[in-house]
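I have placed the structure first, in the form of structure tokens, so that the comments after it can refer back to it.
What follows draws every value from the coordinates through simple rules; no lab data is involved. Note that the structure is a prediction, hence the values are computed from the model and not measured. Every residue, glycine among them, receives a Cβ derived from its backbone with ideal geometry; neighbour counts consider all protein chains shown.
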Amino acid sequence: MEIIKSVEELQSVLSSHKKKKIGFVPTMGALHSGHIALVKKCIRENDISVCSIFVNPTQFNDKSDLKKYPRTLEHDASLLEEAKVDILFAPGVKDVYPKGQKKTVKVKLDGLDKKLEGAFRPGHFDGVVQVVHRLLDIVKPDKLYMGQKDFQQFTIIQKMIDNLKMKVDLVVCDIQRDYDGLALSSRNRRLTQSKRKWSNLIYMNLLRAKSLMKSESVDSVKKIALESLSLPPGFKPEYFSIIDGHTLEEVEDWKESNYLVALVAVWAGDVRLIDNMILKKVKSRSK
Ligand code: AMP
């Protein structure tokens with residue numbers, strides 16, 4: 001595995017692999033098995049695999065969250081080496097955002113960025129779009145790998161790819177979970193023992209939402225989940241929403257959409273956790 005920090009060096013290495021399929025996994029590090037599942041898929045499906053580690057300051061609306069974000073580059077590098085990734089790209093802020101570079105790419109997101117996470121983390125998706133666009137411009141991969149764990153994020157990135165007619169295929173990978181169902185996240189390591197114990201309630205409520213679809217209304221499923229997620233000490237749900245997976249609009253009835261997703265965000269003490277589950281997805285018949 002090559003560890004590369006500068007844009008110029010990365011581009012010169014990649015240019016020596018012309019005609020080879022490049023797969024790319026962008027991350028913010030503090031890697032866990034969820035990231036590694038993406039990386040392994042990327043290695044399997046491409047000739048050259050690139051994983052980036054960059055804690056992107058522009059997507060943190062809360063500066064203390066940015067400060068507290070775990071940074072474990074040495075350990076991450078050893079996990080990536082073990083997974084047999086070809087290139088670890090670990091740029092600094094000045095490499096990603098050099099002075100004088102036009103900062104923002106304009107993408108019409110039709111309000112996708114203003115709902116759910118966007119409502120609670122203003123500006124977050126501006127930062128995500130900006131950094132993913134910049135990284136794609138640097139790496140120029142054939143395939144981009146992202147996790148379903150960040151449902152709204154991959155939906156917005158797909159919209160950006162479509163709107164800007166970018167030549168990259170987005171591959172979305174399943175959510176990897178811990179032994180009790182808690183979605184793996186770099187933030188989990190900041191949970192206290194008691195908060196960690198109760199955190200499996202998030203997955204339990206997603207499963208329950210799915211099982212209650214036939215017997216309860218959308219409204220009552222949301223109420224049940226919000227009540228349950230408020231019970232453990234220090235837990236505060238921000239939302240438990242049932243949405244159309246294309247538009248991210250809340251639905252009022254199960255029959256309203258063929259692509260239903262439950263999305264949840266909860267504070268467990270000072271750690272904010274998100275998760276989701278696809279409740280229904282009917283493939284549209286193509287001609
Ligand atoms: P992050 O480092 O949190 O920005 O995540 C980098 C990528 O890994 C994103 O595309 C995430 O959606 C994905 N990811 C994070 N957690 C998981 C998980 N538990 N399972 C699968 N993919 C994940």
Computed helical MRE - 222 nm, the chain, DSSP H runs ≥ 4 contributing -39500 (n - 2.57), nearest 500: -11000 deg cm²/dmol
Alpha carbon Rg of the stretch 106-257, scaled by the compact-globule rule 2.2 N^0.38 Å: 1.16
Separation between Cα centres of the stretch 1-72 and the stretch 194-218, rounded to whole Å: 32 Å
Packing-based exposure ordering (other Cβ within 10 Å, fewest first) of 198, 267: 267, 198
Computed Kirkwood radius, in angstrom, where 1/r is averaged over Cα pairs of the stretch 1-147: 16.0 Å
Listed residue (231, 212, 155) projecting farthest to the positive dipole end of the stretch 155-259, Cβ model: 231
Relative contact order %, the chain, counting alpha carbon pairs below 8 Å whose residues are six or more apart: 16 percent
Residue-wise HN-Hα coupling along the stretch 56-70, computed from phi with Karplus coefficients 6.51, -1.76, 1.60 (Hz; x: Gly, Pro): 7, x, 6, 9, 9, 6, 10, 5, 6, 5, 4, 5, 7, 4, x
Cβ-based exposure ranking for 55, 128, in which fewest neighbours within 10 Å come first: 55, 128
√(5λ) per eigenvalue of the Cα gyration tensor, the stretch 20-103, largest first, Å: 24, 17, 10
Kirkwood Rh, angstrom, the chain [1 / mean 1/r, Cα pairs]: 20.0 Å
Span-like helix ranges in the chain, DSSP H, alpha carbon extent 20 angstrom or more, Kyte mean at least -1.0: 124-139
Rg/Rg_globular for the stretch 172-221, with Rg_globular taken as 2.2 N^0.38 Å and Rg from C-alpha atoms: 1.36
